[in-house]
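> Quick one: this structure, given as structure tokens, is what I'll be asking you about.
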Amino acid sequence: MVRRRHPAVSVPVKGEHEQALMRRAGRVVALALEKIAGMMRPGLTTAELDRAADATIRGMGATPAFLGYNGFPATACISINQEVVHGIPGPRALVEGDVVGVDLGAIVEGWYADAAYTFAVGTVTPAAARLMETGRAALAAGIAAARAGNTVRDIGAAVQRVAESHGYAVVRDLCGHGIGRRLHEEPKVPNYVTGGGNTVLRPGMTLAIEPMLNAGRPDVRMAGDGWTYVTADGQLSVHYEHTVVVTPDEPEILTSLR
Ligand code: MG
């Protein structure tokens, strides 16, 4: 008998109708992030950003995907500077030079989309700007690798190559995921090469690809609020994410405005 250390996982494939609903959810997510992009300024609180995201999602007849998920208390995860992901919005006011990761999801007729973007508040340091630029490039490389016939491992390899070639680390304790009927489905989509990741991509698979890049070490730890992941070394972190569908050709990004 052959023993598999990494048994093949069952990954759902979405049909045209299901993809269309996820496209609608993706558009809601993109519009909410665009709304937030236009608000970034010193003095604004993260609770105000969260309210705007919530109003945008509900205003389009969709449902926030994160609110209440495992008990999460808000519509958006807002993670500033050394915070990696899952920051809780509140009275904290943005400061010039902050690097603000906003992650949110929407549900349309039971179908999910999920995306994140890291915004600059005013002018950030050159080091922060480089990290952000590399984070966007890493996401683009990961998406480009999400082609039918490739494996999940190819996505992580592409992300890792971009990050590490610029001297940054990818977070290893958190990863991307399949998405569709649920926020988190199979397969897991790590941002680095692991022993697994041998799932072959097929048209109709829908993935949330989400590199998290740290300026320093890859290690993260949980903050005292029980939600927020922060870098263990206190250095900056950025997070970019899109929901994509694998096609016979280029992957289609469901969470961008076109
Ligand atoms: Mg996600």
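> Would you please calculate the Kirkwood hydrodynamic radius of the chain over all C-alpha pairs and express it in Å, rounded to one decimal?
18.1
> Quick one: pull the percent of accessible area on the stretch 16-249 belonging to carbon and sulfur, 1.4 Å probe, ligands and nucleic acids left out.
For the stretch 16-249, the apolar C and S fraction of the accessible surface comes to 51 percent.
> Another question, then. Please compute the contact order of the chain in relative form: average sequence separation of alpha-carbon pairs under 8 Å and at least six residues apart, divided by the residue count, as a percent.
Averaging sequence separation for qualifying contacts and normalising by length gives 23 percent for the chain.
> Given a Förster distance of 25 angstrom, what is the FRET efficiency for Glu109 paired with Arg202, based on the Cβ-Cβ distance and rounded to 0.05?
My answer for the efficiency is 0.60.
> For every helix of n ≥ 4 consecutive DSSP H residues, a contribution of -39,500 (n - 2.57) applies; sum these over the chain, divide by its total residues, and give [θ] at 222 nm rounded to the nearest 500 deg cm²/dmol.
-9000 deg cm²/dmol
> Under unit Cβ charges (Lys, Arg +1; Asp, Glu -1), what dipole magnitude, rounded to 20 debye, does the chain have relative to its Cα centre?
Computed about the Cα centre, the dipole is about 540 debye.
> Span-like helices, the chain: DSSP H, alpha-carbon axial extent 30 Å or more, mean Kyte-Doolittle -0.5 or greater, which ones?
16-37
> Tell me, in nm to one decimal, what length is gained between Arg182 and Met39 on full extension, where the rule is 0.36 nm per residue of separation less the Cα-Cα distance?
48.5 nm
> Still on this structure, please answer the following. Once Lys and Arg get +1 and Asp and Glu get -1 on their Cβ, which of Leu213, Val238, Val28 lies farthest toward the positive end of the dipole of the stretch 16-249?
After comparing all options, I get Val28.
> Another one. Keeping all protein chains in place, calculate the accessible area per residue for the chain (probe 1.4 angstrom), answer in Å².
43
> Could you compute the FRET efficiency for Thr247 and Val95, with r as their C-beta to C-beta distance and R0 at 41 Å, rounded to 0.05?
The pair Thr247/Val95 has a calculated efficiency of 0.45.
> Moving to a separate point now. Sorted by accessible area (1.4 Å probe), largest first, how do Met222, Met205 line up?
Per-residue accessible area, sorted high to low, gives Met222, Met205.
> Taking the full set of protein chains and a 1.4 angstrom probe, give the accessible area of Ser10 in square angstrom, rounded to the nearest 10.
Counting only protein heavy atoms, the figure is 100 Å².
> Next up: Rank His166, His177, His86, His184 by accessible area, highest first, at a 1.4 Å probe radius?
Heavy-atom accessible area, descending, gives His166, His184, His86, His177.
> Once the dipole of the stretch 16-249 is set up with Lys and Arg at +1 and Asp and Glu at -1 on Cβ about the Cα centre, which of Ala37, Thr123, Pro248 lies farthest towards its positive end?
Value computed over the given set: Pro248.
> Sketch the reach of a paramagnetic label on Ala120 as a point 7 Å from Cα along Cα-to-Cβ, and name the residues of the stretch 30-55 whose backbone nitrogen lies under 16 Å away.
Of the residues in the stretch 30-55, 37-42 have backbone N under 16 Å from the label point off Ala120.
> Between Ser10 and Asp173, what length in nm is gained on full extension when 0.36 nm per residue of separation is reduced by their alpha carbon distance?
56.4 nm
The values are calculated or read from the model by the stated rules, or taken from the named source; none is laboratory data. Please read all numbers here as calculations on a predicted model, not as lab measurements. Note that we place each Cβ from the backbone using ideal geometry, even for glycine, and neighbour counts take in every protein chain shown. Keep in mind that these areas ignore ligands, DNA and RNA; they rest on the heavy atoms of the full protein, side chains included. Shrake-Rupley method; radii C 1.70, N 1.55, O 1.52, S 1.80 Å.
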